[in-house]
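Written below as structure tokens is the structure these notes are about.
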Amino acid sequence: MTKIIPQPGILDIELYEGGASHVDGVSNVVKLSSNENPFGASEAAKEAFRKVAFDLHRYPSSDHRALREAIGEKHGLDPARVICGAGSDEIIAFLCQAYAGPGDEVIHTEHGFALYKIGALANGATPVEVSERERVTDVDAILAACSERTKLVFIANPNNPTGTMIGEGELTRLAAGLPEQALLVIDGAYAEYVEGYDGGARLVDARDNVFMTRTFSKLYGLGALRVGWGYGPDHVIGVLNRVRGPFNLSQAALVAAEAAIGDTAWTEKCRNDNTRLRAWLAEALAGHGVVSDTSMANFILARFSSQAEAEACDTFLRSEGLIVRRVAGYKLPNCLRITVGDEPSCRRVAHAVGQFM
Ligand code: PMP
């Protein structure tokens, strides 16, 4: 009989069970577990999406030129060195397919995004977990973990689920200290929330061992359409374009993202509201004895005194129609990650946590 055997280690991957948006028997439910934009996508993006509905028989653009040019213009980047993917998830997967195989090591941080480890395991590479320092990326620990087998080093900046970030000087020190065969990937899924931060673009331009990933799923509110992108050196873009399927993004996704990037009034409103409500929520929770690190993203990592308390609070919030995220799988068992919602949602969360505590 045939024996079909998966990659060694692949069954170590935990199945994703988040994403629920309802609670049985509870009405007025608000989902605050996936770091989505509570205000939705810009009207311009929705309009562009609607228009595509009349042209469904055509394959989408395969070179994504219009979107890459819009991204290049917005961020001052060379469009030839931009690659688009079905979410930044897909860019991460391409990087792992292209650069990590059996015998290779992929570094990720202790509380880093799960897909880095999944990408390594799915391709037969070995994920190497590096400690953070008080929930902040520790450059010295990463450099100490590097070896001649290290192929990829993933850090999210700001990090998910901690919300913390490191500065440009630290990123530069990390890139400069890597072994020559290793590529640093700076995941900027939440970079748009940080006023004035380039997500690592300048570092990509200055070096040939740094790659940046970004997404339209967060500030741009287009999670449903799956649009992400990467920016990197020519040699990496050339490799990833060979891994990428020619029609990996739908035309609806491409045109909506292009329209979204042009609607700066909407993104500025969403960013400003997030900054204001994030500060309000953090302070309100602290007033109830639930502390958090300063978050630079669109969520807060609320810390409880124990795993039991965090889980009991999660259960209570759920009964109140508030879905937040347990992060025990990210080695943060006493924490809950709470997306910064609109103002009524933030008030509901603060009130419910107050009742619970
Ligand atoms: N990186 C980080 C750090 C994330 O939090 C997420 C979304 N959860 C992603 C990448 C992937 O986002 P998307 O595939 O929607 O672009």
- Item | Residues located in the range 94-121, provided they are more than 19 Å from the chain's Cα centre (by Cα), surrounded by fewer than 21 Cβ atoms within 10 Å (Cβ to Cβ) and of a type in the set (A, V, I, L, M, F, W, C) | Ala98
- Are there any pairs with C-beta distances below 6 angstrom linking a residue in the range 101-128 that is at positive phi to a residue that is in a loop (DSSP other than H, G, I, E, B) and surrounded by fewer than 21 Cβ atoms within 10 Å (Cβ to Cβ), with the two at least 6 apart or on different chains, and if so which? Gly124/Gln7; Gly124/Gly101; Gly124/Pro102
- Message: Among the residues that make up the range 257-264, is at least one of them buried (at least 22 other Cβ atoms within 10 Å of the Cβ) and within 30 Å of Ala100 (Cα to Cα)?
- Response: yes
- When the residues of the range 122-140 are filtered to those that are within 16 Å of the ligand (Cβ to nearest atom) and either over 26 Å from Arg337 (Cβ atoms) or not β-branched (Val, Ile, Thr) (or both), which remaining residue is surrounded by the fewest Cβ atoms within 10 Å (Cβ to Cβ)? Glu129
- Item | Which listed residue, of Pro8, Pro38, is touching a Gly at 6+ places or on another chain (Cβ under 8 Å) and either at pLDDT 95 or above or closer than 24 Å to Arg337 by Cβ (or both) | Pro38
- (1) within 16 Å of the ligand (Cβ to nearest atom); (2) polar (S, T, N, Q); (3) not in a loop (DSSP other than H, G, I, E, B): which one isn't true of Thr172, the others all being true? (1)
- Item | Flag for Arg242 being charged (D, E, K, R) and within 14 Å of the ligand (Cβ to nearest atom) | no
- Query: Quick check: anything in the range 290-302 farther than 27 Å from Ala86 by Cβ and free of Cβ contacts under 8 Å to residues at least 40 places away in the same chain?
  - Reply: yes
- Can you tell me which residue among Leu152, Leu143 is away from the ligand (no atom under 16 Å from the Cβ), touching a residue at least 12 places away in the same chain (Cβ under 8 Å), outside any loop (DSSP other than H, G, I, E, B) and in contact with a helix residue (DSSP H, G or I) (Cβ under 9 Å, 6 or more places away or on another chain)? Leu143
- Conditions (1) outside any helix (DSSP H, G or I); (2) closer than 20 Å to Pro38 by Cβ; number of the one not met by Pro333: (2)
- Going through the range 177-193 in order, the residues found to be in contact with a strand residue (DSSP E or B) (Cβ under 7 Å, 6 or more places away or on another chain) and among the acidic types (Asp, Glu) are Asp187
- Query: Being among the basic types (Lys, Arg), closer than 30 Å to Lys74 by Cα and within 14 Å of the ligand (Cβ to nearest atom), is that true of even one residue in the range 217-235?
  - Reply: yes
- Message: I'd like to check something: does the range 54-63 contain any residue that is over 17 Å from the mean Cα position of the chain (by Cα), assigned to a loop (DSSP other than H, G, I, E, B) and within 30 Å of Val153 (Cβ to Cβ)?
- Response: yes
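The values are calculated or read from the model by the stated rules, or taken from the named source; none is laboratory data. Remember, predicted model here, so these are calculated numbers, not experimental data. Neighbour counts are summed over all protein chains in view; Cβ atoms, including those assigned to glycine, are modelled from backbone coordinates with ideal geometry.
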